[in-house]
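Structure first, commentary second.
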Amino acid sequence: MRYTEFTPFDLWLLTQGLGVTIGLFLATSLVGVLIGVVWGVIRFYRVPVLTQLITFVSEILKNSPVLVQLFLVFFGFPGLLKMNVTPVTAALITLSANTAAFVYVIAVSAIESIGRDQIEAARVFGLTRWQVLRHVIAPQAAAFSIGPLTALLVNQLQVTSLISVIGVMDLAKIGANLNLRTLKPFIVWTAVGILYYLAAKLVAMLGSALEKRLRAHSAFRGL
C-alpha cells in the first residue's frame, strides 16, 4: 500500500461523508419521531393489544445494543426472510426503530405531565378526542419534550457512526479509510471528531431555539 499525506481533498472527502451521515440522521430522526409519537398516543388512549405490543418492542429496542440490532437487520433478516437488505436500508430500519423507542418514552412522559383536569375540562366543553389531542395535549407536550428530544437526537447523531461497520460510506467510514491510507490517525480522527462536534452543536442550537419559541408560545397562550 502506498501511503500519502493528509490533503485538503481528504477534508473534502470527509465533508461528503458528513453529508451522508446527516442525510441518514435526518431521515431516521423524522421517521423515528413520527413512529414514537404515534406509539405515545396509542399508549395514552390505552388501545388494547397494541399498547402491550408497543411497550414490549420498545423495551427490546431500548435495552439492547444498537450494533446488535444493526447486525440482526443486515445479516439476520436476509437469512431468515430470504430478502436482500442493503447497508443503507439496514441503517435506515435500525436507526429509525431505535429512535422511535426512545421518542416513545419521551412522548409518554410529556403527555402524562399534562394534568388530567385539563383534559377532562376540554371534554366537558364538548371537544372531541382529536381536538383535545390537537389543542390541549400537543402544544404542552411539545414544549415539555423538546429538551429531552434534542438531547436524544444529539446522541443518535453520534450513534450513526456505527453504520460504518456494515459498509455505509458515512463520515466514520471515510475517516477509517483515510486513516489506513495516510497513517495519520491524530489528524484524521481529529478532523472527524470536529465535524461530528459541529453537526451535534448545530442540532443542539436548533433544538434550544425551538424550545424557547415553544415555551414562549405556550406561556403566551396561558398553557
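The values are calculated or read from the model by the stated rules, or taken from the named source; none is laboratory data. Keep in mind it's a predicted model, so treat the numbers as computed, not measured. Here the Cβ is made from the backbone with ideal geometry for all residues, glycine too, and neighbour counts use every protein chain on show. When the accessible area is computed, the model is the full protein with side chains, heavy atoms only, and any ligands, DNA or RNA have been set aside. Shrake-Rupley method; radii C 1.70, N 1.55, O 1.52, S 1.80 Å.
Counting heavy atoms of the protein chains alone, TRP189 has an accessible area of about 100 Å² for a 1.4 Å probe. Sort the range 104-222 into rounded, prolate or oblate with this rule: let a ≥ b ≥ c be the square roots of the eigenvalues of the Cα gyration tensor; rounded if a/c is under 1.5, and if a/c is not under 1.5, prolate when a/b is larger than b/c, oblate otherwise. Since a/c reaches 1.5 and a/b is larger than b/c, the shape of the range 104-222 is classed as prolate. Close Lys pairs in the range 82-223, defined as Cα atoms under 26 Å apart and 8 or more places apart or on different chains, number 4. Solvent-accessible surface (1.4 Å probe) assigned to LYS62 amounts to roughly 60 Å². Separation of the range 124-166 and the range 59-85, taken as the distance between their Cα centroids, equals 25 angstrom.
Please find the FRET efficiency linking MET83 to GLN52, where r is the Cβ-Cβ separation and R0 is fixed at 35 Å, and quote it to the nearest 0.05. Step by step, r from the Cβ atoms, then E = 0.80.
Heavy-atom surface analysis with a 1.4 Å probe gives the chain a carbon and sulfur content of 71 percent of its accessible area.
Placing a label point 7 Å from the Cα of LEU11 along the Cα-to-Cβ direction, the residues of the range 149-174 whose backbone N falls under 19 Å of that point are 171-172, 174. For the pair the range 1-39 / the range 170-214, the C-alpha centres are spaced 9 Å from each other.
Database remark: amide H of ILE114 closer than 5 angstrom to no amide H (H placed geometrically; neighbours at sequence offset of 5 or more, or on other chains; Pro and chain starts carry no H). How much net charge surrounds ALA101 when only the other residues with a Cβ under 14 Å from the Cβ of ALA101 are counted, with Lys and Arg +1 and Asp and Glu -1? Taking every Cβ under 14 Å from that of ALA101, the sum is +1. Just check the chain against the gyration tensor rule for me: Cα atoms, a ≥ b ≥ c as the square roots of the eigenvalues, rounded for a/c under 1.5, and otherwise prolate or oblate depending on whether a/b exceeds b/c. In terms of gyration-tensor shape, oblate.
Projected label points at THR4 and ARG116, each 7 Å from Cα along the beta carbon direction, are separated by 6.7 nanometres.
The GNM of the chain, with springs linking C-alpha atoms under 10 angstrom apart, assigns the highest mean-square fluctuation among VAL136, VAL105, VAL47 to VAL47.
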